[in-house]
1. Quick one: if the Förster radius is 22 Å, what FRET efficiency do Ala31 and Leu7 give, using the C-beta to C-beta distance and rounding to 0.05?
2. So what is the accessible area of the chain per residue, in Å², with the probe set to 1.4 Å?
3. Counting other C-beta atoms within 10 Å, and keeping those with at most 13, which DSSP coil GluC sites (Glu not before Pro) do you find in the range 13-72?
4. If I take every Cα pair under 8 Å that is 6 or more residues apart in the chain, average their sequence separation and divide by the length, what percent do I get for the relative contact order?
5. Could you tally the net charge around Asp21, taking each other residue with its Cβ under 13 Å from the Cβ of Asp21, Lys/Arg +1 and Asp/Glu -1?
6. Within the chain, what whole-number % of the accessible surface is contributed by carbon and sulfur, with the 1.4 Å probe and all protein chains included in the calculation?
7. Report which label in (i) 7.3; (ii) 6.3; (iii) 8.6 holds the value of mean projected area of the Cα convex hull in nm² derived from the coordinates of this structure.
8. For a 25 Å ceiling on Cα separation, which of these pairs sit above it: Lys33/Lys59; Lys12/Lys59; Lys18/Lys67?
Amino acid sequence: MNRERTLRICPKGHRYYKCTDCGTCPKCEQANKPTEGFLARLSSPARNALQHEGITSLKQLADYSEKEILALHGVGPTTMPILKMALEEENLQFKL
């Protein structure tokens with residue numbers, strides 16, 4: 001399925017092309033990316049999934065099981081080692 005790229009303009013006036021229905025502006029997304037902390041290590045989809053769930057700290061993340069985090073749309077198996085390492089650095093772990 002090859003979709004045609006269309007020009008989009010975000011509310012901030014950034015112009016970008018997308019071939020999906022996703023309305024996320026890549027320039028705004030890059031500007032909103034954290035520069036430090038565990039969320040800075042994640043891809044946009046994974047970071048957005050956690051933030052949408054209200055998970056913005058490792059302490060909050062530790063309240064969830066691996067299965068619950070993997071069930072979030074945008075979080076895949078490649079995200080889990082990053083999250084596990086971040087938790088271990090703070091002597092935390094996923095809920096069992």
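1. 0.65
2. 71
3. Here the GluC sites (Glu not before Pro) that fit, given the DSSP loop and packing criteria, are Glu36.
4. The value is 21 percent.
5. +3
6. Here carbon and sulfur together make up 52 percent of the probe-accessible area.
7. Recomputing mean projected area of the Cα convex hull in nm² here gives the entry labelled (i).
8. Result: Lys12/Lys59; Lys18/Lys67 exceed 25 Å.
The values are calculated or read from the model by the stated rules, or taken from the named source; none is laboratory data. What you see is a predicted model; the values in this text were computed from it and never measured. Here Cβ is always computed from backbone atoms with ideal geometry, including for glycine, and neighbour counts include all displayed protein chains. Side chains are part of the model used for accessible areas, which takes the heavy atoms of the whole protein and leaves out ligands, DNA and RNA. Shrake-Rupley method; radii C 1.70, N 1.55, O 1.52, S 1.80 Å.
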